Every structure is written in C-alpha cells, then in structure tokens.
Amino acid sequence: MIHPKYRSFLTKILLLLCGLAVIALLLFFILVQREKNLSASFKDITISLIPNLIASLISICTVILLFYLSKISPDEILGADTMEMEDISLRMQKAEEKLDKIHDLLAKGEEELHVIATNQKRAVNTHLEVSAPIIYGNHRQVEWHRLLSEAKTIDIVVVYYDTWVKSNWETLVNFFRTGGQLRIVLPNPENPDNLRDMLKYFPKMESNTEELRNRIIHTMTFLREVYNAAAKLHGRHGMYEIYCLDNSINYPFVLVDNKTVISSFFEHFSDMRVNSPSFLVNYADNLWLKEYWEKEINLLLKSAIKQP
C-alpha cells in the first residue's frame with residue numbers, strides 16, 4: 001500500500017510521463033504517415049491521425065486508472081472514510097473537553113461569587129445596628145407576659161426555673177393552648193459532681209446540692225403540670241421538651257422565636273436571691289448574632305439528654 005502523501009506525487013509523475021508519451025506518439029504517427037504519403041498535406045495527415053490519437057488516449061487513461069486502482073487496497077478506500085470520521089470524532093472530543101473546562105470555570109466562578117456575596121453580607125451585618133437593647137434591673141422585671149403572648153417558640157437554658165414557671169403560669173397555659181413550643185435545658189439533677197460545680201453561682205445554698213437538685217426537679221415538675229393544665233382546659237396543641245445536661249451552664253438565656261434573646265449574668269456575690277440585670281436584644285436582622293445563638297442552643301440540645 002502506498003501512503004496517500006506519496007501516491008499523489010507518483011500520480012503527477014505518471015500523468016507527466018503519459019503526456020510526453022502522447023506527444024511522442026503523435027509525432028511518430030505524423031512521421032510514419034508522411035513517409036507513406038509524401039504528397040499529403042499536414043492537415044490531411046493530422047485528420048487521418050485523430051482516430052488513432054483518440055484510441056491512444058483512451059488506452060493511456062485506462063492504463064493510468066488500472067495502475068492507480070491496483071495500488072489502492074479496499075482497506076485504504078475504507079480507511080479514508082474512517083480517518084475522516086476519526087478526525088471528526090477527535091474534533092468533537094476536543095470540543096467537549098473545552099466545553100467541560102468552560103463549565104468547570106463557570107461553576108468555580110459561581111462558587112467564588114457566592115463566597116464573595118456571603119462575605120459581603122457578613123461584612124454588612126457586622127455593622128448593622130441591632131435595635132437598642134432593653135435593660136431590666138433583674139430577671140423578674142422582664143415583660144414576660146407580652147413576650148410569651150406573642151411567641152411561637154421558646155428555648156430556655158437555665159440552672160433552675162421553678163419560680164419563673166409559677167410566676168407565669170397563666171401566660172404559659174395560653175402559650176401552649178395556642179400551639180406554642182418550648183424546650184428547656186437544665187443541669188442533670190442526678191449528677192452530684194455537676195451540681196457541686198453549679199453551686200458556685202448560688203452562694204446562699206452554700207454546699208447544699210440537695211436544695212439545688214430539688215429546684216431543678218421542681219422546674220421539670222411545674223413545667224409538666226402547666227402543660228397538662230393547658231391540655232386539660234383547652235386541648236393539647238403545643239409541645240414541650242426537657243433536656244438534662246451533664247456539663248456546667250455558663251450563663252442563662254432565653255430565646256424567643258429565634259430573634260429575641262433575654263440573658264443575664266451570674267453574680268460574683270449575691271444576697272438572698274439572684275439580682276443581676278437582664279438584657280433583651282432583638283437580633284432578627286443581624287446575621288452574626290443569629291448564627292451565634294443558633295449554634296449555642298443546637299450544641300446544648302445535642303449534648304444534653306432528652307427526658308421522657
């Protein structure tokens with residue numbers, strides 16, 4: 001088999017040789033006819049040679065065609081189409097690779113734009129002013145009736161809350177009656193080591209872990225009772241969950257509808273009752289504070305044990 005590159009060259013050489021052969025043959029026929037008939041004119045000789053010339057050209061073309069076809073195998077004939085198809089396939093493959101690269105670049109660009117947009121949003125939110133915090137002289141002065149009446153969800157993290165439940169009994173009944181959902185995280189009352197650690201926040205209890213244990217148990221009992229009271233009077237609509245934590249609670253806080261927080265500090269020195277100020281902050285429009293409080297409550301719930 002002849003490589004296509006050389007076949008074209010050989011074909012040109014063959015055509016050139018055939019052309020020269022035709023000219024030589026024409027001259028040969030002219031000389032022969034001239035010798036046979038010296039009186040004939042050149043025109044007459046040329047006309048008489050036309051049939052021979054045509055026959056010679058046909059023969060030469062036939063020889064060239066046979067020569068050319070004899071050098072081409074069926075595989076080569078099919079190979080030309082195959083090569084063309086392979087070339088098209090290769091081009092399509094390269095085009096698909098380029099499209100994949102473009103798609104990857106676009107996807108990467110979208111991710112980078114998302115990161116930039118998120119960072120910008122965070123940057124803006126760090127400078128957003130939250131509504132002015134409301135400061136109460138102590139936890140008892142907070143407007144619990146208004147907050148609980150408007151709330152749909154409440155998350156509480158405290159050491160104990162028995163007095164708070166009793167003080168807001170009717171408001172809590174109405175909260176559960178209207179479908180309110182409450183979750184509370186308390187120290188585990190059956191963990192004496194944890195209770196001893198929590199006593200540092202309540203100097204008046206001195207080292208009486210039993211008193212602290214009872215206050216925690218009372219909180220759980222009162223909460224179940226207020227929920228049952230709501231269910232008995234108005235039908236069971238709301239929900240409550242109690243969680244016990246084996247770790248210390250660093251500070252108490254209450255989240256209302258995941259947009260308002262009421263928090264206070266443990267006192268270094270206290271008299272008969274806790275009397276530290278409470279702060280109410282609405283953080284609905286502040287992404288940083290929203291993420292912080294969601295992280296706090298979710299990790300506490302995950303670490304605590306849900307009570308039956």
Residues with beta-carbon under 15 Å from that of residue 296, excluding residue 296: net charge, scoring Lys, Arg +1 and Asp, Glu -1?
+2
Going fewest to most other Cβ atoms within 10 Å around each Cβ, 155, 193 line up as 193, 155
Take the Cβ-Cβ distance between residue 284 and residue 113 as r, set R0 to 30 Å, and report the resulting FRET efficiency rounded to the nearest 0.05.
0.70
Can you find, among 228, 252, 194, the residue farthest towards the positive end of the dipole of the stretch 170-308? Put +1 on the C-beta of Lys and Arg, -1 on that of Asp and Glu.
228
Quickly rank 284-293, 218-227 as a protection proxy: mean count of other C-beta atoms within 10 Å, highest first.
218-227, 284-293
Orientation-averaged projected area, Cα convex hull of the stretch 154-308 (nm²)
9.3
Quick one: 3J(HN,Hα) in Hz for the stretch 87-93, Karplus 6.51/-1.76/1.60 with θ = phi - 60°, rounded, Gly and Pro as x.
5, 5, 4, 5, 5, 5, 4
Can you list residues from other chains, or at least 5 along the same chain, whose modelled amide H is less than 5 Å from the amide H of residue 161?
219
For the stretch 178-250, what number results from the quotient of the Cα radius of gyration and 2.2 N^0.38 Å?
1.31
The relative contact order of the stretch 183-283, taking Cα pairs under 8 Å that sit 6 or more residues apart, comes to a percentage of 30
Which far-off residues, 5 or more places away or on another chain, put their amide H under 5 Å from the one on residue 307, with H placed in the peptide plane?
242, 243, 244
Would you mind checking 108/302; 204/306; 204/259; 108/259; 166/232; 152/290 for any pair whose Cα atoms are more than 26 angstrom apart?
108/302; 204/306; 204/259; 108/259
HN-Hα couplings for the stretch 96-101 via Karplus (6.51, -1.76, 1.60; θ = phi - 60°), in whole Hz with x for Gly/Pro, come out as 5, 5, 5, 5, 4, 5
List the residues, sorted by chain then number, that are 5 or more residues from residue 153 or on another chain and whose placed amide H is less than 5 Å from its amide H.
181, 257
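Read-outs throughout are calculated quantities, based only on the coordinates presented, and are distinct from any laboratory measurement. Just so we're clear, the structure is a prediction, and the values are computed from it rather than from any experiment. Every residue, glycine among them, receives a Cβ derived from its backbone with ideal geometry; neighbour counts consider all protein chains shown.
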